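Heads up: the structure comes next, in structure tokens.
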Amino acid sequence: MSEPQVILGTNRTGVQTSPEGTARQLEATRMFPADVPGDMSVYTAERERAIREADLIGSVPPPATTKGMVKTALDKTIGKAPEVLIDKLGERLAFERTGVRLYEAMVAKATSAPGADPALVETLRSIQADELEHMNIVREAIETLGGDPTAMTPCADVAGVKAMGVLQVLTDPRTTVSQSMSAILTIELEDNAAWELLIELAQKGGHPLIAKRFKHALEQEETHLATVRQFIRTDLLEQVS
Amino acid sequence: MTKIDNLLDNKGTPLDKQSFTWRELAGKPISKLDDDAFTRVRVILMNGVESDALRLKHFGSRFHKELQLPLAQIRRVEQHQMTSINWLLSADHSPLETTVAYEQVAIEVTAAVAQNEPDPYQAQTYRFGLLEDFDHLYRYAAMLDRLEGKDANNILQGYTDLVPGRPTSEHHRAPGDDLRDNYEKDNAALITKIHAALITGAEYQTHDYYMNIGPLFADPVARALYAEIASVEEQHVTQYGSLQDPAETFMEKWLVHEAMEVYTYASCAEQEENPRLKAMWERFVDYELGHLNLACELFKKYERRDPAEVLAGPLPRMIEFKSQRDFVRETLSREVDLRAHGIDYVPKEKEARPSLDYRAQLNSEGVPANVVSAGYTFKPGTELNEVGEQQ
């Protein structure tokens with residue numbers, strides 16, 4: 001490591017840096033107690049009311065008719081409730097597409113941040129290429145099913161919301177390689193579980209060829225996860241040894 | 001600095017020398033963890049001041065063709081001052097954490113102003129509004145804990161208490177009870193005019209901030225709480241805005257605003273601990289002196305009057321950026337049950353029907369501030385921390 005990734009400094013957020021102020025805050029809570037009866041359950045009840053009354057985020061666009069679908073010998077059916085599969089495929093497409101951009105941010109970090117490791121960059125570029133390949137595999141699967149790969153499905157939209165925190169961590173110039181790889185880990189963990197599920201969905205839906213291609217992606221994702229985990233472990237152990 | 005005359009002696013940086021680069025505008029942010037909470041307080045306050053500087057000048061332009069060019073020239077610099085200040089807030093502040101910081105600004109700065117204000121009625125108005133922003137902080141702190149699982153004191157750093165003030169559910173008043181008596185421009189102290197411009201600007205930005213970020217929340221309770229408190233902030237803008245004398249000309253208000261900007265930046269420069277920010281505040285004091293002097297020249301040209309008619313008089317000490325806990329507690333104990341009736345402050349039981357009816361209607365399907373804070377008691381490390389009170 002050329003420079004430390006974690007430093008001792010003037011962090012002012014805790015009670016130990018303002019013991020007198022905190023003591024007086026606690027004194028205030030005794031002088032001026034809570035004025036509304038109840039507890040967190042009041043908040044939860046309001047959430048439940050809103051959930052019951054809420055609309056959905058949106059819908060899945062209807063697939064083209066079976067007539068227009070490109071089918072293979074083994075993928076002759078559009079399955080039951082095809083919109084479920086289309087929605088999850090849309091999610092995977094969005095996730096992998098964002099993943100390519102997340103790895104681009106990670107490459108910049110690995111090149112320049114505290115904890116920079118040139119050897120890591122090559123690995124990250126390789127994973128990034130895989131993510132792009134996966135994006136295209138999913139795009140082709142959606143097209144095969146007569147779906148529109150340019151549409152944002154509800155699950156795709158939610159995936160974008162989920163990725164916002166990771167994006168913030170990776171693109172903040174102040175975060176370290178270690179912090180950023182930890183954010184990448186959450187992505188890779190989800191990616192693995194999601195591909196497993198998608199394979200099962202594709203098989204149940206009567207799309208064995210699509211499922212077969214997805215298995216290839218899952219194998220690559222398993223390697224990504226192992227690589228990211230190993231890097232984080234080695235990096236942290238090096239910092240304390 | 002004791003007299004504005006001293007400031008007028010200093011011409012500051014000429015407008016044509018006030019320049020920026022994009023890199024300066026979007027420079028390195030402060031540290032949420034390591035910088036002092038009052039550094040963030042100053043950043044938020046001055047963003048609000050510059051925001052209001054733009055606002056005032058845009059309105060002036062709509063009424064004065066002859067001033068449109070110089071106003072546009074000064075606004076361009078102020079836009080860039082505002083950007084370089086607001087972009088100091090780092091991205092690891094969640095919108096709700098920034099909200100907690102906004103309320104800390106409202107409490108600590110309004111409390112400092114209330115104590116510095118020589119006009120008793122105006123000071124009373126600051127104390128009245130203070131107890132409402134104080135309550136907003138408590139409700140938002142409860143939400144930060146219960147929504148994000150975070151301790152508001154990570155932002156406040158022990159300077160500001162987290163307890164109920166005048167309940168937010170009772171802030172909602174009919175417009176006639178939000179208007180206040182104004183100072184009289186020929187009799188008011190300069191600092192009175194400066195305070196009114198400053199606090200109006202600060203509240204305006206708080207209102208605008210809540211209106212922008214409220215819809216970014218997914219949580220229905222959070223969306224509702226921002227809707228409720230943004231409505232009160234609009235009342236506060238009404239209240240503080242009406243403290244100013246409507247008989248002032250636009251140019252008089254402009255001079256007061258520029259003097260306020262000089263005074264406030266100078267207060268920041270005097271007390272800033274972060275050397276990078278201190279240098280920026282000092283630079284902007286000089287920029288504002290340039291704006292003030294240009295405004296004075298235009299005042300002489302178009303109103304054919306001496307700017308000293310507006311700006312003369314001593315200024316008290318700088319705004320004190322420090323914990324105002326004792327003053328706030330004393331105010332809370334004495335004045336929490338005050339209410340507004342027209343321009344007057346009255347005991348709770350003398351509130352008038354229009355506000356009571358208005359409030360009853362708005363609160364008739366529940367009160368977001370009550371939902372979020374039911375039974376909430378602040379503890380270090382959040383209410384989930386069982387040993388919090390021993391700390």
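Summary of values
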read-out	value
Residues (within 17 Å of residue B:51 (Cβ to Cβ) and open to solvent by 10 Å² or more (accessible area, probe 1.4 Å)) located in segment B:249-279	B:253
Segment B:305-319, residues that are more than 30 Å from residue B:160 (Cα to Cα) and surrounded by 16 or more Cβ atoms within 10 Å (Cβ to Cβ)	B:307, B:310, B:311
Search result, residues across segment A:6-48 that are among the β-branched types (Val, Ile, Thr) and over 18 Å from residue B:156 (Cβ atoms)	A:6, A:7, A:36, A:42, A:44
Residue check, residue B:295 open to solvent by 50 Å² or more (accessible area, probe 1.4 Å), over 30 Å from residue B:157 (Cα atoms) and not hydroxyl-bearing (Ser, Thr, Tyr)	no
Condition met for residue A:70 (open to solvent by less than 60 Å² (accessible area, probe 1.4 Å), aliphatic (A, V, I, L, M) and at pLDDT below 95)	no
Complete set of residues in segment B:340-365 that are without any contact (Cβ under 8 Å) to a residue 12 or more places away in the chain and either at the interface with chain A (Cβ under 10 Å from one of its Cβ atoms) or not aliphatic (A, V, I, L, M) (or both)	B:344, B:347, B:348, B:349, B:350, B:353, B:361, B:364, B:365
Residue list for segment A:5-15, restricted to those being more than 7 Å from chain B (Cβ to nearest Cβ), touching a Ser or Thr at 6+ places or on another chain (Cβ under 9 Å) and open to solvent by 40 Å² or more (accessible area, probe 1.4 Å)	A:6
Set B:382, B:377: member being closer than 30 Å to residue A:43 by Cβ and open to solvent by less than 20 Å² (accessible area, probe 1.4 Å)	B:382
Only listed residue being more than 14 Å from chain A (Cβ to nearest Cβ), of a type in the set (Lys, Arg), touching an Asp or Glu at 6+ places or on another chain (Cβ under 8 Å) and open to solvent by 10 Å² or more (accessible area, probe 1.4 Å), chosen from B:150, B:185	B:185
Hits in segment A:52-69 - residues which are β-branched (Val, Ile, Thr) and either out of contact with any helix residue (DSSP H, G or I) (no Cβ under 8 Å at 6 or more places or on another chain) or facing chain B (nearest Cβ under 7 Å) (or both)	A:65, A:66
Matching residues, segment A:25-40, being part of a helix (DSSP H, G or I) and either more than 8 Å from chain B (Cβ to nearest Cβ) or open to solvent by 70 Å² or more (accessible area, probe 1.4 Å) (or both)	A:27, A:30, A:31
Residue match in segment B:59-82 (condition: modelled with pLDDT of 95 or more and under 21 Å from residue B:151 (Cβ atoms))	no
Evaluation of residue B:218 against (1) within 14 Å of chain A (Cβ to nearest Cβ); (2) in contact with a Ser or Thr (Cβ under 9 Å, 6 or more places away or on another chain); (3) outside any helix (DSSP H, G or I) (one fails), failing number	(2)
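Yes/no per residue for (1) in contact with a strand residue (DSSP E or B) (Cβ under 7 Å, 6 or more places away or on another chain); (2) among the small types (Gly, Ala, Ser); (3) away from every other protein chain (no Cβ under 14 Å):
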position: B:164; (1), (2), (3): no, no, no
position: B:174; (1), (2), (3): no, yes, yes
position: B:180; (1), (2), (3): no, no, yes
position: B:192; (1), (2), (3): no, no, yes
position: B:197; (1), (2), (3): no, yes, yes
position: B:200; (1), (2), (3): no, no, yes
position: B:207; (1), (2), (3): no, no, yes
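For (1) closer than 24 Å to residue A:44 by Cβ; (2) hydroxyl-bearing (Ser, Thr, Tyr); (3) open to solvent by 10 Å² or more (accessible area, probe 1.4 Å); (4) in contact with a Phe, Trp or Tyr (Cβ under 8 Å, 6 or more places away or on another chain), each residue gets a yes or a no:
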{"position": "B:133", "(1), (2), (3), (4)": "no, no, no, no"}
{"position": "B:139", "(1), (2), (3), (4)": "yes, no, no, no"}
{"position": "B:163", "(1), (2), (3), (4)": "yes, no, no, yes"}
{"position": "B:173", "(1), (2), (3), (4)": "no, no, no, yes"}
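Okay, residues lined up against (1) surrounded by 15 or more Cβ atoms within 10 Å (Cβ to Cβ); (2) over 24 Å from residue B:11 (Cβ atoms); (3) hydroxyl-bearing (Ser, Thr, Tyr):
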position	(1), (2), (3)
B:286	yes, no, no
B:303	yes, no, no
B:321	yes, yes, no
B:345	yes, yes, yes
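The values are calculated or read from the model by the stated rules, or taken from the named source; none is laboratory data. Predicted, not measured: the structure shown is a model, and the values here were computed from it. Virtual Cβ from ideal backbone geometry, glycine too; neighbours counted across all protein chains shown. For the accessible areas, the whole protein counts, side chains as well, though only heavy atoms, and no ligand, DNA or RNA atoms are used. Shrake-Rupley method; radii C 1.70, N 1.55, O 1.52, S 1.80 Å.
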